[in-house]
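First comes the structure, then the notes that go with it.
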Amino acid sequence: MSSRGIVLYLHVHQPLRVRKYSIFDTAENHDYFDESDTTTDRNNERVLRKVADKSYRPMNELLEKLLHKYPDFKVSLSITGTFIEQAEQWAPDVLESFKRLVATGQVEIVSETYYHSLAFFYSLEEFERQVRMHRDKIRELFGVETSVFRNTELAYNDSLAKWADEYGFKGIIAEGWDPVLEWRSPNHVYKPAGTQDISLLLKNYRLSDDLAFRFSNKAWEQWPLTADTYSEWANASMKDSPLVNLFMDYETFGEHQWADTGIFDFFEQFVGKWLDNPDNTFYTLSEAIDTHQPAGEISMPNTVTWADTERDLTAWLGNSMQQEALRHLYALEDEIIRSGDIGLIGDWRKLQTSDHVYYMCTKWFTDGDVHAYFSPYESPYDAFLYFMNALRDVRYRVSEYHKHRGL
Amino acid sequence: MLGWELPPHNSGGLGVACYHMSKALALQGASIDFVLPYTAHHPDTEFMTIHGATTLSPLERYGRMGAYDSKYITEHGYDSVEESDLSDMRGVQRHYTRFVEQLVKKNGAPDAIHAHDWLTMEAGMRAKEITGAPLIVHVHATEFDRSGENSGNPIVHEIEYQGLMMADRIIAVSAITKSIIMRRYGIPGDKIEVIHNAIDVASLGNYDYDGRTYKYLESLKEEGYVVVATVTRFTIQKGLTHFIRAAARASEKYDKLVFLLAGDGEQRDELISLSADLGIADRVFFTGFVRGKPWRDAYNVADVFVMSSVSEPFGLTALEAAHHNAALIITRQSGVSEVLNSIFRYDFWDIDVLADQMVGIALSPSLAKDLKANVRNEYARISWHDVARNCLRLYSQAASGKVHA
C-alpha cells in the first residue's frame with residue numbers, strides 16, 4: 001500500500017516590470033524594462049536582489065538542508081524564464097542553489113510558458129513556442145526533462161488538458177475549486193475529461209492558503225499556526241484520500257510571509273513532524289501520478305485559475321484596458337516573428353508576462369488588497385499607459401524593420 | 001491692478017492675460033501697481049510695480065493646504081480664520097484684502113481699480129470703499145463655468161454677485177461670459193463690455209520645431225495618420241468625455257486618426273477607461289502634465305486642435321494652436337469662437353457633428369490647408385494693444401461717471 005503523501009509545489013517567478021515609459025520615450029528609447037529610479041519596485045534589479053535576500057537564498061538553504069536530512073522529502077518547482085534571466089544577471093548564486101536542489105534527485109521541475117504568459121488563450125502557436133523555449137532552458141540549466149505542465153496562474157480548462165495530453169505530458173495541475181469538485185475531494189489523482197494518458201492534480205486551496213495567505217494574519221483565529229496543528233489538519237484532510245496538494249508561490253516563504261513571522265521555522269518543523277509518521281511521505285507531482293490511479297474524471301469547460309474569490313481570469317482580463325492591451329499585443333505576432341530579430345521578439349514576449357495586465361486590474365474592492373500589494377504602479381491607469389507606450393514602441397520597431405526590408 | 005498670478009507662476013490663462021494686458025497698458029502710459037497674493041521673482045515686469053501681499057510662495061497662493069478647489073471654500077473658514085492664518089484660501093484672500101487696504105491708504109486713490117475674477121473682488125470693493133476710485137471687474141470665468149454642470153460654491157457665487165453689483169464697469173472676456181453675467185447674476189447688459197483676450201505671438205518664441213518630441217506620432221503622420229489634439233486640464237468643464245466618444249465615432253469612419261490628450265487632471269482615469277471601453281485605447285495618447293517644449297510641441301504635432309469645453313469664457317489655447325498651424329474645431333460654448341471665422345463649430349454634446357468634422361478635415365488636405373492659413377490671419381488681428389486701449393477708455397469713462405461710450 002502506498003503512503004499518504006504531501007505534494008508540495010512552489011512557483012518561482014519574477015516579471016520584467018515596465019518602467020515609467022512615456023509617449024516621449026516612444027520611438028526614441030527601447031529600454032522599457034530598465035527603470036533608472038532605484039527606489040521603486042518598478043526597478044527589476046532592486047526587486048530581484050531584495051527577494052533573493054528575503055526569500056530565495058534562505059528558503060533554498062532550508063530546502064537543501066531538508067532534502068539532505070530526509071530522503072522522503074520532495075519538492076516540485078516551476079521556474080519561469082523571466083526569473084531565470086534576471087537571476088543570471090543579478091543573483092547567479094541563487095540559480096546555483098536551485099541546481100543543487102535539482103541534483104538531489106528529490107526535486108522535479110515543472111513545465112510552463114517561458115514568459116509566464118496567457119498565450120494559450122491568444123495564440124496556440126506562440127504558446128507552444130514558449131513551452132518549447134522553457135523546456136529547452138530547463139534542460140540546458142538543470143539537465144532534466146519536464147513531464148508535468150502548469151499553465152500561467154493555473155489557468156486551466158478542458159482544452160488545455162487535451163493539448164497537454166497530445167503534447168505528451170503525463171500530468172497537469174489546476175485549482176481544486178469547489179464549484180467544479182462539488183462533493184469530491186481535491187486529494188486524489190483525477191483524469192481530465194476527454195483525455196487519454198494524462199492525470200490531473202488539484203490544489204487543496206484551504207491548506208495551501210493557510211500558509212500562503214493566512215499564516216501571519218493575527219486576526220485569524222488560528223494564529224499563530226504551529227507545525228503540530230497544521231499536521232493534524234493535513235492528517236484530517238487525508239482521512240479517506242492519499243494526497244494533499246499544497247500549491248503556492250515560492251515567495252510565500254520569506255517575501256509574502258516574512259522571516260519574522262516564523263514561516264521558515266514553521267516549515268522546517270512541519271516537514272520533520274510529518275515524516276515522523278512512517279505512513280507519511282512527500283511526492284513530487286510525477287510520483288503522485290505514477291503511484292495513484294485516477295479516482296474519477298473532472299471536466300472544466302470554463303477556465304479556472306488560482307486567483308481571487310472568483311477563481312477566473314478577471315484579474316487579468318476583467319476590464320477593457322486589459323483586453324485592449326493584450327489584443328493589440330498579440331495582433332503583432334506575425335510581423336514580430338517574421339522580423340527574425342531576437343531582441344525585438346524577446347521584448348514583445350516580455351510584454352506578454354501576465355503580471356503586466358494584472359497591474360491594470362481595477363476590481364479593487366474585494367480582492368484589491370492583494371493587487372495593491374503586488375503593483376509597483378501608482379494606479380492601474382498608469383500601468384496601462386506605460387504598457388501601451390511600450391507596445392507602441394515595439395510596433396514602431398517592427399515597422400522600421402519591415403520598411404528596411406521593403407515589406 | 002488686482003491679480004492672482006503672473007507668469008511664470010501661472011496655472012492657466014489668467015496669469016498670461018494679466019501680464020500682456022498690463023504690459024500693453026504700460027506702453028500706452030498707464031502706471032500700474034500689480035498686487036499678487038504671493039511673493040516671487042517675475043522676470044520682464046519692470047514696466048509695473050509688483051506687490052506681494054503675503055510671503056507665501058507661488059505654489060501656496062491657494063493656501064498652504066494645497067491646490068484650489070472651490071468645494072473647499074467654506075463660510076466657516078472665512079469667519080474663524082485669523083488674518084495671519086494662511087493655511088486656506090479664505091485666509092489668503094483676507095490677507096490680500098488687508099494688504100490692498102493699506103496700499104491705497106499709503107499711495108492714495110488710483111484712477112481706476114482693475115480686479116480680476118472673484119479671487120480679488122473683495123479687495124477691489126474695499127479699495128473702492130476707501131478711495132472712491134472706480135472699480136472695474138474683469139471676468140475671465142465665473143463660478144458657473146468652473147463648476148461645469150454642478151451648481152458651484154454658494155460663497156463664491158455670493159462674492160461674484162457682490163463684486164459685479166459694486167463694479168462701475170464689468171469687462172467680460174466674451175459675449176458668452178457677458179450673457180452668463182446677465183442671465184445668472186441679473187446684471188444689466190449696458191454695464192458689461194466684451195473685450196476679447198488677445199495672443200502675444202512674440203512671447204511664443206522663435207524656434208524650429210525639431211519633430212522629435214512626439215517621434216512616434218510623427219512616424220504615424222508619415223504613414224498618413226492625422227493627429228487630433230487637445231491641450232487642457234482634464235476636468236468636467238472641458239467636455240473631454242464627449243471628445244473621446246466622438247473620437248471613437250470618427251475612428252469607425254476613418255482609420256487613420258490618432259488623438260493626443262496633453263495635460264492632466266481629475267478626469268484622467270475616467271478618460272483612459274472610456275477609451276479602452278470604446279476600443280480606441282490604442283489610438284489615444286496621454287502625455288501627463290506638460291509645460292515647456294513638450295507643451296509647445298503638442299501644438300506642433302497636431303493637425304487638428306479641438307476645444308471641447310462645455311463652458312469656456314475665452315480659450316486662449318485655441319489661438320496658441322492656430323499659431324502652431326492647426327486646424328481648429330471649437331464648441332459654440334467657447335468664447336474664442338466669437339473672434340474666429342475659419343473654424344468648425346459644434347455644440348459640446350454633439351459628438352456626431354464633432355466626429356464628422358474630424359473626419360472631414362482628415363479626408364481633405366485642401367480643407368485643412370485653407371482652415372490653417374485663414375485662421376492665422378484672424379487671430380493675428382487681435383492685439384493686446386487694442387485690449388489696453390479699450391481698458392483705458394473704460395477707466396476714463398468710469399471715472400467721469402459716464403456709463404455709455
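Express the C-alpha Rg of the protein assembly as shown as a ratio against the empirical globular expectation 2.2 N^0.38 Å, rounded to two decimals.
Normalised by 2.2 N^0.38 Å, the Cα Rg of the protein assembly as shown equals 1.20.
Report the extension gain between A:ILE342 and A:ASP37 in nm, rounded to one decimal, defined as 0.36 nm multiplied by the number of residues separating them, less their alpha carbon distance.
Gain on stretching A:ILE342 to A:ASP37: 107.1 nm.
Loop-only trypsin sites (Lys or Arg not before Pro) in segment A:236-337, please: DSSP not H, G, I, E or B, and at most 15 other Cβ atoms within 10 Å.
Answer by residue number: A:LYS239.
A:ARG100 to A:GLU378: FRET efficiency via 1/(1 + (r/R0)^6), r the Cβ-Cβ distance, R0 45 Å, to the nearest 0.05?
Result of the calculation: an efficiency of 0.65.
Say R0 is 56 Å: what FRET efficiency, to the nearest 0.05, do A:ASP53 and A:ASP240 get from their beta-carbon distance?
Efficiency computed from Cβ-Cβ geometry: 0.85.
Using the Cα centre of segment A:163-311 as the reference point, and only Cβ charges (+1 on K/R, -1 on D/E), how large is the resulting charge dipole? Debye, rounded to the nearest 20.
That gives segment A:163-311 a dipole magnitude of about 240 debye.
Using only Cα atoms and rounding to the nearest 10 degrees, what angle (0 to 90) does helix A:227-237 make with the longest principal axis of chain A?
Rounded to the nearest ten degrees, it is 90.
Taking 30 Å as R0, compute the FRET efficiency from the Cβ-Cβ separation of A:LYS137 and A:ASN29 and round it to 0.05.
0.60
For B:LYS128, give me every one of the lysines with a C-alpha distance below 20 angstrom, ignoring sequence neighbours fewer than eight places off in its own chain.
Straight-distance partners of B:LYS128: B:LYS105, B:LYS106, B:LYS191, B:LYS402.
Find the centroid of the Cα atoms in segment B:3-28 and in segment A:243-267, then give the distance between the two in whole Å.
Distance between centres, Cα-based: 63 Å.
Using the Karplus curve 6.51 cos²θ - 1.76 cosθ + 1.60 with θ = phi - 60°, what ³J(HN,Hα) values do you get for each residue of segment B:250-266, in whole Hz, with x for Gly and Pro?
Rounded to whole hertz, the list is 5, 5, 5, 8, 9, 7, 9, 10, 10, 10, 10, 10, 9, x, 7, x, 4.
Just to be sure I understand: of the beta bridges DSSP finds with both ends in the protein assembly as shown, what percent are antiparallel, rounded to 5?
5
Cβ neighbours within 10 Å, averaged per peptide: list B:88-101, B:47-60, B:354-367 in order, most packed at the top.
Put in order of decreasing packing, that is B:88-101, B:354-367, B:47-60.
Using a cut-off of under 19 Å, list every residue of segment B:196-210 whose amide N is near the label point 7 Å from the Cα of B:ASN390 along the Cα-to-beta-carbon line.
Under 19 Å, as judged by backbone N against the label point of B:ASN390, lie B:196-201 of segment B:196-210.
Any idea how many Lys pairs in segment B:202-381 come in under 17 angstrom at the alpha carbon, given 8 or more places apart or on separate chains?
Count of close lysine pairs: 4.
Could you tell me how many degrees, from 0 to 90 and to the nearest 10, lie between the Cα long axis of helix B:89-107 and the main elongation axis, the longest principal axis, of the Cα atoms of chain B?
50
Taking amide H positions as placed in the peptide plane 1.01 Å from N, state which residues far from A:LYS203 in sequence (5 or more) or on other chains have amide H under 5 Å from it.
A:ALA174, A:GLU175, A:GLY176
Would you mind giving the mean number of other chain beta-carbons within 10 Å of the Cβ of each residue in A:19-27, as a whole number?
Whole-number average of other-chain Cβ neighbours for A:19-27 is 5.
Could you state the angle between the C-alpha long axis of helix A:320-331 and the longest principal axis of the C-alpha atoms of chain A, as a value from 0 to 90 degrees rounded to the nearest 10?
70
After finding the eigenvalues of the alpha carbon gyration tensor for segment B:202-381, what semi-axes result from the square roots of 5 times each, listed largest first in whole Å?
The three semi-axes for segment B:202-381 are 21, 19, 17 Å.
Would you calculate the separation in nanometres between label points at A:SER299 and B:ASP352, each defined as 7 Å from the Cα along the Cα-to-beta-carbon direction?
Going by the 7 Å Cα→Cβ label model, 4.9 nm.
Rounded to the nearest 500 deg cm²/dmol, what is the calculated helix-only ellipticity per residue at 222 nm for the protein assembly as shown, with -39500 (n - 2.57) per DSSP H run of length n ≥ 4?
Taking each H run of at least 4 residues, the total per residue is -13500 deg cm²/dmol.
Going by amide H atoms built from the backbone, whose H comes under 5 Å of the H on A:GLU108, apart from near neighbours?
A:VAL75, A:SER76, A:LEU77
Please average, across the residues of A:382-389, the number of beta carbons from any other chain that are within 10 Å of each residue's own beta carbon, and give a whole number.
4
Which one of B:ALA327, A:PHE247, A:ALA259 has its Cα pushed farthest toward the positive end of the charge dipole of the protein assembly as shown, where Lys and Arg give +1 and Asp and Glu give -1 at the Cβ?
The residue sitting farthest along the positive end of the dipole is B:ALA327.
Between segment A:269-302 and segment A:60-122, how far is it from one alpha carbon centroid to the other, in angstrom?
So the two Cα centres are separated by 20 Å.
Counting only Cα atoms, I'd like the Rg/Rh figure for chain B, Kirkwood definition for Rh.
Answer for chain B: 0.98.
Output the Cα-based Rg and Dmax of segment A:314-404 in Å, rounding Rg to one decimal and Dmax to a whole number.
Over segment A:314-404's Cα set, Rg and Dmax evaluate to 14.4, 50 Å.
How large is ³J(HN,Hα) for each residue in segment B:345-351, as worked out from phi by the Karplus curve 6.51 cos²θ - 1.76 cosθ + 1.60 (θ = phi - 60°), to whole Hz, x for Gly and Pro?
Computed from phi, the couplings for segment B:345-351 are 10, 8, 7, 3, 8, 8, 5 Hz.
Quick one: compute the contact order of chain B, relative version, from alpha carbon pairs under 8 angstrom and 6+ residues apart, as a percent.
Value for chain B: 14 percent.
Amide H of A:VAL12: which non-local residues (sequence gap of 5 or more, or other chain) have their own amide H closer than 5 Å, using H built in the peptide plane?
Distant-sequence amide H within range of A:VAL12: A:SER78, A:ILE79, A:THR80, A:TYR250.
Determine the gain in length on full extension of the stretch B:ARG376-B:ASP33; use 0.36 nm per residue of separation and subtract their C-alpha separation, reporting nm with one decimal.
120.1 nm
Of all GluC sites (Glu not before Pro) in segment B:250-280, which ones are in loop regions per DSSP and have a Cβ with at most 15 other Cβ atoms within 10 Å?
The qualifying sites are B:GLU266.
For segment A:4-298, build the convex hull from the C-alpha positions and give me its volume per residue in Å³.
In segment A:4-298, the Cα convex hull volume per residue is 152 Å³.
So which lysines pass the test for A:LYS273, namely a Cα distance under 22 Å, with those fewer than 8 places away in the same chain ruled out?
Cross-link targets: A:LYS65, A:LYS69, A:LYS74, A:LYS203, A:LYS239.
Take the alpha-carbon centre of segment B:188-265, take the same for segment A:136-208, and report the distance between them in whole Å.
Segment B:188-265 and segment A:136-208 have Cα centres separated by 53 Å.
Hey, rough spin-label estimate for A:ARG327 and B:MET165, points 7 angstrom out along Cα→Cβ, what's it come to in nanometres?
For the pair A:ARG327/B:MET165, the computed spacing is 5.6 nm.
Ordered by residue, what ³J(HN,Hα) values in Hz, to whole numbers, does segment A:340-356 give under the Karplus form 6.51 cos²θ - 1.76 cosθ + 1.60, where θ = phi - 60° and Gly and Pro are x?
x, 7, 4, x, 5, 4, x, 5, 4, 6, 5, 6, 7, 3, 4, 4, 4
Find how much the distance from B:ASP277 to B:GLU252 grows on full extension, using 0.36 nm per residue of separation minus their present alpha carbon separation; answer in nm with one decimal.
Using 0.36 nm per residue and subtracting the Cα-Cα distance, I get 7.6 nm.
Hey, got the dipole for segment B:202-381? About the Cα centre, +1 on K and R Cβ, -1 on D and E Cβ, debye to the nearest 20?
380
Between A:THR229 and B:ARG332, what is the label-point separation in nm under the 7 Å Cα-to-beta-carbon projection?
According to this spin-label approximation, the distance is 7.1 nm.
Rule-based calculations on the coordinates, nothing more; no lab input. None of these values were measured; they are calculated from a predicted model. Reconstructed Cβ throughout: ideal geometry from the backbone, glycine too, with neighbour counts over all protein chains shown.
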